[in-house]
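S.K.: My structure is below; once you've seen it, I'll send some questions.
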Amino acid sequence: NNITSSSSSALSQKVVERIHLQPAPFDRYNSFLITTRNPIDRIISWYYYLHPNYPPHKSAKHRRGCHDLDLFSCWTTIQSLSEHGLDQGDGEIDNNGNDVIEEKSNLNVTECKTWAWDSIIGKRKCWHNYYNYNFTYGELVRVMELEEVAGEQELGIYTNSGRSKQKTIFVIRTEHLEQDWQTINIMLGDKNGTSGIHVPHKNKWSRTAETNQSTPTLAAPNPTQNKTLSQRGRLNLCRALCEEIQIYKKLLGLALNLDEKSEKRSLGELIISCPNESRKIRECK
């Protein structure tokens, strides 16, 4: 919706349905265009998007799904959530001997830590954290892996037309949006790539915020939105997101439009976020 052109691109002409907050319908389609983002960056963005102290305004449906946003009354920054909320020790007292749970929270330490862990892994239906890579693409990835191992005939997966056909995915990485859009566009027959197409590097909220800095309800992103993670917090967050990270790596590996260099670049960026993570798919402990 944010990409404009005087004429439709080859890619836009191929899109027949937009799927959002639903599992990928692998029983109805064989080709998928998927947008991805580094799982660590994605969860940080989710946290501040839903945080009641920051815009945009939170609707009733957001509050219902997040138990009236109790998570954010326990952990007021992503740093406190990751370092203390996801800590596998008792996590109750910080280095200064102060309680890490905010006084205004109606939950005790155990409840707050449960909310932290369950929210990050997608167990709590707190909006986009719940509709994660596993929810949306887990079954699609499983089917594609079976196709690679067993072959189409042995797998016996059929489309509505009754014919078995191997599935393919194209991935647009948020960090490399224009590059991936151009690559896919050319693969689909558009010799001009992204020529004449405006590909914005910021979303609608960012643009709105920048043009309304004097308006309190539409202020630019608050500088106190501390997205910095301590080493301990980062390791905790990476551990909690392990399953998501493995699916993310699988999506990169299965993407038809990503060559080895592009895949390695994204895996390298992932390892910068999670230093203990492997480039290869691994089991989570």
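S.K.: Once the piece of chain linking residue 114 and residue 18 is laid out straight, how much longer is it, given 0.36 nm per residue of separation minus the C-alpha distance between them?
M.R.: This chain segment gains 31.2 nm when fully extended.
S.K.: Also, quick follow-up: Kindly rank 76-84, 115-123 from highest to lowest mean number of other beta carbons found within 10 Å of each residue.
M.R.: Top to bottom by mean Cβ count within 10 Å: 76-84, 115-123.
S.K.: How many nm separate the modelled label positions at residue 128 and residue 41, each set 7 Å beyond the Cα in the direction of the Cβ?
M.R.: For residue 128 paired with residue 41, the spin-label model returns 1.2 nm.
S.K.: Using a 1.4 Å probe on the protein heavy atoms only, what accessible surface does residue 110 show? Give it in Å² to the nearest 10.
M.R.: 100
S.K.: So, one more: Can you check what the net charge comes to around residue 130, using other residues whose Cβ is under 11 Å from the Cβ of residue 130 (Lys, Arg +1; Asp, Glu -1)?
M.R.: Around residue 130, the surrounding residues sum to +2.
S.K.: Considering only the other residues whose Cβ falls under 10 Å of the Cβ of residue 77, what net charge follows from Lys and Arg at +1 and Asp and Glu at -1?
M.R.: Every neighbour counted, the sum reads 0.
S.K.: May I pose another question? Heavy-atom accessible area of residue 173 with all protein chains present, probe 1.4 Å, nearest 10 Å²?
M.R.: Approximately 0 Å² for this residue.
S.K.: Which of 61/285; 58/123; 61/227; 14/280; 113/261; 191/280 have a Cα-Cα distance over 29 Å?
M.R.: Among 61/285; 58/123; 61/227; 14/280; 113/261; 191/280, the Cα-Cα distance tops 29 Å for 61/285; 14/280; 113/261; 191/280.
S.K.: Along the Cα→Cβ direction, 7 angstrom out, place labels at residue 228 and residue 63. What is the inter-label distance in nm?
M.R.: The two pseudo-label positions are separated by 3.4 nm.
S.K.: Counting only other residues whose beta carbon sits under 13 Å from that of residue 234, what net charge do I get with K and R as +1, D and E as -1?
M.R.: -1
S.K.: Take residue 177 and residue 88, extend 7 Å from each Cα along the Cα→Cβ direction, and tell me the distance between the two endpoints in nm.
M.R.: About 3.7 nm, to one decimal.
The values are calculated or read from the model by the stated rules, or taken from the named source; none is laboratory data. Note that the structure is predicted; figures quoted are calculated from it, not measured. With ideal geometry, Cβ positions are generated from the backbone for all residues, glycine too; neighbour counts draw on all protein chains shown. Just the protein is used for accessible areas: all its heavy atoms, side chains included, with ligands, DNA and RNA removed. Shrake-Rupley method; radii C 1.70, N 1.55, O 1.52, S 1.80 Å.
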